[in-house]
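Each remark here refers to the structure printed beneath this line.
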Amino acid sequence: MRIAFVEDDKQLRTSVARGLREAGWTVDLAAKGPEALDLVRSGPYDLILLDLLLPGMSGLEVCRTLRAEGCRVPILMLTALDAVEDRIAGLDAGADDYLTKPFAFGELMARVRALTRRHGETPARVVLGALVIDPARHRATCGDSELTLTAREYDFLLHLARQAGRVVSRADLMAVVWEDARAPYSNIIDVYASRLRKKLEAAPGGPVLTTVRGTGFVLEPPAAAAAARARPTR
């Protein structure tokens, strides 16, 4: 399996690449933003490790460009910037996970395994009204429209769709999608829910993603959601 590792710090690039190779990965390296684009386009890759602050073109710009070109490879962003706003910016650009420096190599490997494991799953297709999720192709369509999703958004949607009509708790989402059951009230869930809701609302005939305050989220076909809203309250 192959990793594209983009990092301008030579010492960090060398040491992390050595550890990844010792763990059995094939690792290709780049040190600048434009080099990263050329490298990933020459793929295929199973994962991209992408530094945020790069010469020539920032990691955010690289990430946005790759997603705009249709690249669905999981992206783990690495950076010394740890403010919430910085993490949100990375996720909004299309990254699937975010690891701040300095980091323990063991944590990096755990995140690499989690991202590649989820990306490689191929369960049966899920159909929810006009929404069709095809894990074999890592693709989600709604009617004639294809949903442009990051790997994490895709996992979020797939997990909700497989339990359509039922409330999925925040703790369940953190445990399954982020493989971290310790932070069920992390605002990262709400960031992803908001992004996913906007994409579903823009798709004709798409299901409705509803927040159940203090509990979790439920995904329902439009007709079921409309019927629930019209039901009289007691």
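Where does each of T65, T210, T215, T150 land when they are ranked from fewest to most other beta-carbon atoms within 10 angstrom?
Ordered from fewest to most neighbouring Cβ atoms within 10 Å, T65, T210, T215, T150 come out as T215, T210, T65, T150.
Annotation for the range 131-221: chymotrypsin sites (Phe, Trp or Tyr not before Pro) lying in DSSP loop with at most 13 further Cβ atoms inside 10 Å of their Cβ are Y185. How many percent of DSSP beta bridges within the chain run antiparallel, rounded to 5? Restricted to the chain, the bridges split so that about 50 percent are antiparallel.
Only DSSP H runs of four or more residues enter the estimate; each adds -39500 (n - 2.57), and after division by the residues of the chain the mean residue ellipticity at 222 nm equals -13000 deg cm²/dmol. Positive end of the dipole of the chain (Cβ unit charges, origin at the Cα centre): among G94, N187, L108, the Cα lying farthest that way belongs to N187. Taken along its three principal axes, the alpha carbon spread of the range 2-120 comes to 31, 31, 29 Å, from the longest extent down to the shortest. What FRET efficiency, computed as 1/(1 + (r/R0)^6) with R0 = 25 Å and r the Cβ-Cβ distance, is obtained for M57 and A80, rounded to the nearest 0.05? That pair, M57 with A80, gives E of 0.90.
The alpha-carbon atoms of the chain define a convex hull whose volume equals 124 cubic angstrom per residue. Past 21 Å, Cα to Cα, is the threshold; run K101/K199; K32/K199; K10/K101 against it and keep the listed order. Cα-Cα > 21 Å for K101/K199; K32/K199; rest within. The angle between the Cα long axis of helix 10-22 and the longest principal axis of the Cα atoms of the chain comes to about 70 degrees, rounded to the nearest 10. Semi-axis lengths, largest first, of the ellipsoid equivalent to the range 153-222 are 19, 12, 11 Å, with √(5λ) applied to each eigenvalue of the Cα gyration tensor.
List the GluC sites (Glu not before Pro) in the range 4-111 that DSSP assigns to loop (not H, G, I, E or B) and whose Cβ has at most 14 other Cβ atoms within 10 Å. Which are they? Show your work: numbers first, answer last.
Working: sites: E7, E22, E35, E61, E69, E85, E107; in loops: E7, E69.
When the GluC sites (Glu not before Pro) of the range 4-111 are filtered for loop state and at most 14 Cβ neighbours within 10 Å, E69 remain.
Coordinate-derived values only; no laboratory data. These figures come from a predicted structure and were not determined experimentally. Every residue, glycine as well, gets a Cβ built from its backbone with ideal geometry; the counts of neighbours run over all protein chains shown.
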